[in-house]
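The values are calculated or read from the model by the stated rules, or taken from the named source; none is laboratory data. Just so you know, these numbers come straight off a predicted model, no measurement behind them. Don't worry about glycine lacking a Cβ; one is built from the backbone with ideal geometry, like all the others, and counts go over all protein chains shown. Heavy atoms of the whole protein, side chains included, go into the accessibility calculation; ligands, DNA and RNA do not. Shrake-Rupley method; radii C 1.70, N 1.55, O 1.52, S 1.80 Å.
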Amino acid sequence: QDMTEKELLKMELDQLKKEVKNERQMVSKTAKELKDYIESMAGEDPLLKGIPEDKNPFKEKGGCTIS
């Protein structure tokens, strides 16, 4: 912490000036939009439907047997 208290306060003030410019929206509106987007993209989500074996880069190429 090589910064003086004045420098820290200036940084905090600059950050608050940036944040006050952000457009704000009601959570009730954005939550509905987010839910609708997630539901519309669910059919393409590999975490929900899985990855086809032919396109899975992590599947094992072959087995190894020790006799």
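Can you find, among Gly50, Ser40, Leu8, the residue sitting farthest towards the positive end of the charge dipole of the chain, where Lys and Arg contribute +1 and Asp and Glu -1 at Cβ?
Checking the options against the dipole of the chain, the answer is Ser40.
From Cα coordinates alone, what are the radius of gyration and Dmax values for the chain in angstrom?
Spelled out, the Cα radius of gyration and Dmax of the chain are 25.1, 73 Å.
Considering only protein heavy atoms, with the full assembly of protein chains and a 1.4 angstrom probe, order Met26, Met11, Met41 by accessible area, largest first.
Values: Met26 135, Met11 105, Met41 70 Å².
Ranked from most to least accessible, the order is Met26, Met11, Met41.
Given the DSSP H assignment, sum -39500 (n - 2.57) over each helix run of at least 4 residues in the chain and divide by its residue total; what's the result at 222 nm in deg cm²/dmol, nearest 500? Please report the intermediate quantities before stating the final value.
Working: 3 runs with 35 residues, N = 67.
Rounded to the nearest 500, the figure is -16000 deg cm²/dmol.
Once you put a point 7 Å from the Cα of Ile66 and another 7 Å from the Cα of Leu47, both along the Cβ direction, what distance in nm separates them?
3.6
How large is the charge dipole for the range 5-55, taken about the Cα centre, if only the Cβ atoms of Lys, Arg (+1) and Asp, Glu (-1) carry charge, to the nearest 20 debye? Don't jump to the answer; show the numbers that get you there.
Details: 11 positive and 13 negative charges, 72 e Å.
With only Lys, Arg, Asp and Glu charged at Cβ, the dipole is about 340 debye.
State the extension gain, in nm to one decimal, for the chain segment bounded by Lys55 and Val20, taking 0.36 nm per residue of separation less the distance between their alpha-carbons. Write down the numbers at each step before the final one.
Numbers: separation 35, 0.36 × 35 = 12.60 nm, distance 4.58 nm.
Taking 0.36 nm per residue and subtracting the Cα distance, the gain is 8.0 nm.
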